[in-house]
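K.L.:
Take this structure first; my questions come after.
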Amino acid sequence: MTRFLATAPLNFSTLWKTFSRFFHAMENFFAFFPRYGKLFSTLWKIEKRGKRGQSYNLMFWAALALLFILPTAAPAARIVDAFAPATASAWQPFLGAPAPVSAASGIAFPLPFSRNVDRAAWDKSVSLDLSAATAFEIELSCPAPEAIRQFGLYFKSGAGWYAASTPLPGGGPRTLVVAKSDFTTEGTPAGWAQISGIRLSPWKGEARDTALVMHRMATVEGRALVLVQGTSSCPDNGARAVAAKTTERVSRLLIEAGIGHTIITDDDLPKGALAQATTALLPYNPTPTAPQLKALTAFLKRGGKLGVFYGASPTLARAMGFKLGPYIKAKRPDRWRTIVIDDPIAWLMPPRIWQQSPNLMPAYPAKKGSRTIAFWENARGVRQPEPAVVVSPHGFWMSHILLNDDATSKKELLVSLCAHLDPTVWAPAAARAIQEAGRINDFHSLPHALAEIERALPTAVRPDETRALLDDARALSAQIHAALTAGQSRQALRLARRQRNLLLRADAAVQPPRPGEFVGVWDHDGTGYVPGDWTLTATHLAAHGVTAIFPNLAWGGCAHYPSKHLPGSDTLRLYGDQVAAVLAAAKPLGMQVHVWMVLWQLTGAPDTFVARMKKEGRLQITSSGSTRQWLSPHHPANRRLLREAVVELATTYPTIDGIHLDYIRLPDSLSCYSASTRTQFESATQQKCKTWPADVLPGGRRQSEFRRWRTDDITALVTELRAALRQANPTVKLSAAVFGAIQPDGGNIAQYWPDWLRTGSVDFLVPLNYTESSTEFAALVRRQVAQPNAAGRILPGLGVTAAESRLDPAQVARQITLLRQLGCPGFVLFDLSGTLRDETLPALRQGITRPGP
């Protein structure tokens, strides 16, 4: 905001018109947030009296103040701290931090980070019961967010703390969302119902002074909608882990959509946990116990509504008006690729939702009022017989869990399904969509987005068309206002989504291209959009400015091509040689092909191969003595196998452009402690361990030595591969996907890639800079390009659809702008998917990757 005000010409007439339109559009919106109603009403009366000459400054700063402190929690939120300026003294400095001071719209916490300090902290005594909270939303701002590496939030409870940290999204007014699942424990906290203190602790990033202004902290909660996390309904620990992750995913989508909720476990069901609920979602609760089923059916009988994902209970299906079909496992990976909505306009859902499901538990309409609203299609767009979603007066049933891909579409799907169960959901969903409409790229509000995109219009190929998009977006504010006034929340939501999409299109059009830029795409499946048709994929990618494809064609125990060293995969059996296929499709179009190898992991490997590796002592052993189905990188035979596979690729397919190593590291600090690892460590250091692995574990007498050795051993392996590749085919480049953060001793994963750059062992690196924070992204790239011999060799990886980050086209464009400013020659996008195909690449083609004149 500060930077914007410093550079924007203050044309008060234009500002007046902009904010007048904004106020008209937002008038009814404040009904959702009554505490701002009086301020809004006062400002609006000033405008209506027409005393414009006297009120320019008042209106301008008041409008900015509203945007500055606008809350983003759903109506069910409770204020944890309003950060009223008069209460600054309640926050006690800790670790020598300066005292906080009152600010115009909150409390300012000075950060003297030009000094030799690592963080600052402030404590406040409270007495709170936060047990009902699902997450916390924090409104804050910082003029120099690059000075903050992480924002730490701590809640004191009993003799311990709940602790979490997150990067700042960017400068200006921002909203941080911290889910309860993000917190870890320190000491022995007494529970969320007994919170006695709050600690705010920003960690130092760049060495510069700044201030963090806190405006508001609120809970995300809601008793009417309950998420039921699977526990005893799951058959084993693996299924319970899936249930926890899936529940967290659904919860985050609801939080983003503005829908408050509470999370319980299915063990709570027989205890009356749904007593105050009207709606319950079962993200993954496959086989509820008899007491749980009794509670769920009783909930339905009293008028409650259920949303079930991938359930396996015929009893529950019958109670909801469905008939449960048998479990089905796909024989081919391309069978269920897309959810297609039968009537997307009526349901206010995206027409198509990308999801690759390997198996289903479908339910079918069985009683009056039940029907199918969504079907599955395969990779070629052929409808499959199994329903994707069925609905009835009692709820809905989806035939698989919600996976992580195509998150925006799934959020919209989830909102509409929840509104089917409880129409009052439309109101908070509309409120959130209105707030988020202008929060694209690094813009923090609708007026900010409109002004900044309009300023960049000269860079658009067709500026008049782009200006029309902005005009349409601006005009929608009045329509949104009218819909809210008429109590049509669903219509307001639809219009707000359209407004955001118009801004996304306009923002894409003003992004400048850079001729000759390296534009890469990872393909995790290694089969393209449609298995068996690499020509379709290569043609689409080339038409959208992609210059390189990174298909995943080899794992630790299988290959998608005929190999003398690795067993053939199911993909090879079904679709043939994928290296030959991608080369035949991509090379005539001028695209580079870098074969992506996922090292050590035995996913897809035949059972016989895994058994042989275990028998030969070649698998990783954890510190507790358990076996992991990963090959040990320290075992000489495994290193030889990798060298042979690399040489085979380079000689059998001499026209490939590169070999791309992934997981050229250890998974974590828990491995590897196998007998072979011990032998190699003792041989390299010429010293025997008295007690293994105790000597090399944390607290052991040789722990630091062991950590350094394992990192050096991985670095030596990269050097070996570089030498073997140069001898086999010197035209083939060697690259690697690496962690974005740099740990001096390689950290828990034993990967210190700056040494690989320094010695010239790699041609380029692709750091996995998977973050939604532009501030954190810039900090990562800044440190990466500063490494010795890094010039021209850092191609940041952008997590468009990664587990750690989900980026809309404007966020992708912002990160590309940042990496360009820092001198990177290109980037690689994760991952080939429907989202990339239908949203990201078309948007980038409008500006970032558009061809030159």
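K.L.:
So what is Rg over Rh here for region 620-747, counting just Cα atoms and using Kirkwood for Rh?
P.N.:
1.01
K.L.:
Against the longest alpha carbon principal axis of the chain, how many degrees, from 0 to 90 and to the nearest 10, is the axis of helix 290-301 turned?
P.N.:
30 degrees
K.L.:
For the ranges 126-133, 281-288, what's the packing order if you count other beta-carbon atoms within 10 Å of each residue, average per peptide, and put the highest first? It would help to have the intermediate numbers written out before the result.
P.N.:
On the way: 126-133: 15.9, 281-288: 25.4.
Top of the packing list down: 281-288, 126-133.
K.L.:
Measure nothing but the geometry: give the 0 to 90° angle between the long axis through the Cα atoms of 237-257 and the longest principal axis through the Cα atoms of the chain, rounded to 10°.
P.N.:
Approximately 40 degrees, to the nearest ten.
K.L.:
Then there's this: Working from Cα positions, state the angle (0 to 90°, nearest 10) between the long axis of helix 463-485 and the longest principal axis of the chain.
P.N.:
Roughly 60 degrees, rounded to the nearest 10.
K.L.:
Treating only the Cα positions of region 312-355 as identical point scatterers, give the base-10 log of I(q)/I(0) from the Debye formula at each q in 0.25, 0.26, 0.31 Å⁻¹.
P.N.:
Each listed q maps to, in turn, -0.88, -0.87, -0.90.
K.L.:
Size of the dipole of the chain about the Cα centre, Lys and Arg at +1 and Asp and Glu at -1 on the beta carbon, nothing else charged, in debye to 20?
P.N.:
940 debye
K.L.:
Given points 7 Å out from each Cα along the Cα-Cβ axis, report the S131 to T731 separation in nanometres with one decimal.
P.N.:
7.0 nm
K.L.:
Going by a ≥ b ≥ c, the root eigenvalues of the Cα gyration tensor, does region 220-272 fall in the rounded group (a/c under 1.5), the prolate group (a/b larger than b/c) or the oblate group?
P.N.:
It comes out oblate by the Cα gyration axes.
K.L.:
Here's something else I'd like to know. Working out 0.36 nm times the residue gap between S196 and K367, then minus their Cα-Cα distance, what length gain in nm do you get to one decimal?
P.N.:
So the chain would gain 56.3 nm between S196 and K367.
K.L.:
Per q in 0.13, 0.14, 0.17, 0.23 Å⁻¹, report the Debye log10 I(q)/I(0) for region 712-806, using one uniform scatterer on each alpha carbon and no solvent.
P.N.:
For region 712-806 at q = 0.13, 0.14, 0.17, 0.23 Å⁻¹, log10 I(q)/I(0) is -0.46, -0.53, -0.76, -1.20.
K.L.:
For region 652-721, max minus min Cα coordinate along each principal axis, in Å, sorted largest first?
P.N.:
51, 23, 18
K.L.:
With bins 5 Å wide starting at 0, give me the P(r) of region 371-500 over every alpha carbon pair, in whole percents.
P.N.:
It works out to 2, 9, 15, 16, 15, 13, 12, 10, 6, 2, 0, in whole percents.
K.L.:
Report the net charge of residues surrounding P358, where surrounding means a beta-carbon distance below 15 angstrom and charges are Lys +1, Arg +1, Asp -1, Glu -1.
P.N.:
0
K.L.:
OK, next. Residues of the chain: accessible area per residue at 1.4 Å, in Å²?
P.N.:
In whole numbers, the chain has 39 Å² accessible per residue.
K.L.:
Compute the Kirkwood hydrodynamic radius of region 625-664, taking the inverse of the mean of 1/r over all pairs of distinct Cα atoms, and give it in Å to one decimal.
P.N.:
Values: mean 1/r = 0.0842 Å⁻¹.
Answer for region 625-664: a Kirkwood hydrodynamic radius of 11.9 Å.
K.L.:
Go through K301/K323; K204/K245; K271/K411 and tell me which ones have a Cα-Cα distance over 28 Å in this structure.
P.N.:
Going by Cα-Cα distance, K204/K245; K271/K411 fall outside the 28 Å limit.
K.L.:
Excluding residues on the same chain fewer than 8 positions from K294, give the aspartates and glutamates whose Cα lies under 17 Å from its Cα.
P.N.:
Partners found: D266, D267, D268.
K.L.:
Computed over the Cα atoms of region 759-839, what is the ratio Rg over Rh, Rh following Kirkwood?
P.N.:
0.98
K.L.:
Can you run the Rg to Rh ratio on region 434-588? Use alpha carbon positions and the Kirkwood inverse-distance Rh.
P.N.:
Rounded to two decimals, Rg/Rh equals 1.19.
K.L.:
Decide, for region 227-374, between rounded, prolate and oblate: order the square roots of the alpha carbon gyration tensor eigenvalues as a ≥ b ≥ c, take rounded if a/c falls under 1.5, and otherwise choose prolate if a/b is larger than b/c, else oblate. Show your work: numbers first, answer last.
P.N.:
Details: a/c = 1.33, a/b = 1.28, b/c = 1.04.
It comes out rounded by the Cα gyration axes.
K.L.:
List the aspartates and glutamates whose Cα sits under 17 Å from the Cα of K156, skipping any in the same chain fewer than 8 residues away.
P.N.:
Hits, sequence-local ones excluded: D81, D123, D129, D182, E186.
K.L.:
Taking 0.36 nm per intervening residue step and subtracting the Cα-Cα distance, what contour gain separates T651 from F518 on full extension?
P.N.:
45.4 nm
K.L.:
Which order, highest average first, do 730-741, 377-388 follow once you tally other Cβ atoms within 10 Å for each residue and take the mean per peptide?
P.N.:
Those peptides, ordered most packed to least, come out 730-741, 377-388.
K.L.:
A follow-up question, please. Counting just the Cα atoms, what span does region 488-534 cover along each of its three principal axes? Round to the nearest Å and put the largest first.
P.N.:
Between the extreme Cα coordinates on each principal axis of region 488-534 lie 46, 31, 15 Å.
K.L.:
Placing +1 on the Cβ of each Lys and Arg and -1 on the Cβ of each Asp and Glu in region 314-471, which of M320, V461, T338 has its Cα farthest towards the positive end of the resulting dipole?
P.N.:
M320
K.L.:
A follow-up question, please. Identify all lysines with a Cα-Cα distance to K564 below 23 Å; exclude those on the same chain that are fewer than 8 residues away in sequence.
P.N.:
Straight-distance partners of K564: K614, K615, K733.
K.L.:
What area, in nm² and to one decimal, does the C-alpha convex hull of region 561-624 cast on average over all directions?
P.N.:
Details: hull surface 23.9 nm².
Taking a quarter of the hull surface, the average projection is 6.0 nm².
K.L.:
Still on this structure, please answer the following. Share of the chain's accessible area from carbon and sulfur, percent, 1.4 Å?
P.N.:
54 percent
K.L.:
A further question follows. So what is the diffusion coefficient of region 102-141 in µm² per second by Stokes-Einstein at 10 °C and 1.306 mPa s, using a Kirkwood Rh over Cα pairs?
P.N.:
For these conditions, the coefficient is 116 µm²/s.
K.L.:
Among W522, Q229, G826, flag the residue with its Cα farthest along the positive direction of the charge dipole of the chain, charges on Cβ as +1 for Lys/Arg and -1 for Asp/Glu.
P.N.:
Checked the options; the winner is Q229.
K.L.:
Starting from a Cα-only point model with no solvent, please compute log10 I(q)/I(0) by Debye for region 354-399 at q = 0.14, 0.22, 0.24 1/Å.
P.N.:
Values, matching the q order: -0.34, -0.74, -0.84.
K.L.:
For the chain, what does the helix formula give at 222 nm: sum of -39500 (n - 2.57) over DSSP H segments with n ≥ 4, over the residue count, nearest 500 deg cm²/dmol?
P.N.:
Result for the chain: -11000 deg cm²/dmol, rounded to the nearest 500.
K.L.:
More than 43 Å apart: what percent of Cα pairs in the chain qualify? Don't jump to the answer; show the numbers that get you there.
P.N.:
Numbers: 126289 of 363378 pairs.
The share of Cα pairs beyond 43 Å in the chain comes to 35 percent.
K.L.:
Something else now. Could you check the simple spin-label distance between I79 and Q488, using points 7 Å along Cα→Cβ, in nm with one decimal?
P.N.:
It is 3.4 nm.
K.L.:
Normalised radius of gyration for region 166-280, please: alpha carbon Rg relative to 2.2 N^0.38 Å, two decimal places.
P.N.:
Ratio of Cα Rg to 2.2 N^0.38 Å: 1.31.
K.L.:
Starting from the Cα-Cα distance between R701 and H540, subtract it from 0.36 nm times their residue separation and give me the gain in nm to one decimal. Mind showing how you got there, number by number?
P.N.:
Numbers: separation 161, 0.36 × 161 = 57.96 nm, distance 5.65 nm.
Value of the extension gain: 52.3 nm.
K.L.:
Right, next: Dipole of the chain (Lys/Arg Cβ +1, Asp/Glu Cβ -1, origin at the Cα centre): which of T691, A492, V646 lies farthest to the positive side?
P.N.:
Of the options given, the answer is A492.
K.L.:
Further question: Consider all pairwise Cα distances in region 556-671 and report the whole-number % of them above 25 Å.
P.N.:
Percentage above 25 Å: 26.
K.L.:
Could you give each residue of region 741-757 its phi-based ³J(HN,Hα) in whole Hz, using Karplus coefficients 6.51, -1.76, 1.60 with θ = phi - 60°, and x for Gly or Pro?
P.N.:
Karplus values, whole Hz, x for Gly and Pro: 6, 10, 9, x, 9, x, x, 5, 9, 6, 10, 10, 6, x, 5, 5, 5.
The values are calculated or read from the model by the stated rules, or taken from the named source; none is laboratory data. Just so you know, these numbers come straight off a predicted model, no measurement behind them. Note that each Cβ is placed from the backbone with ideal geometry, even for glycine, and that neighbours are counted across all protein chains shown. Surface areas here come from the heavy atoms of the whole protein model, side chains and all, with no ligands, DNA or RNA. Shrake-Rupley method; radii C 1.70, N 1.55, O 1.52, S 1.80 Å.
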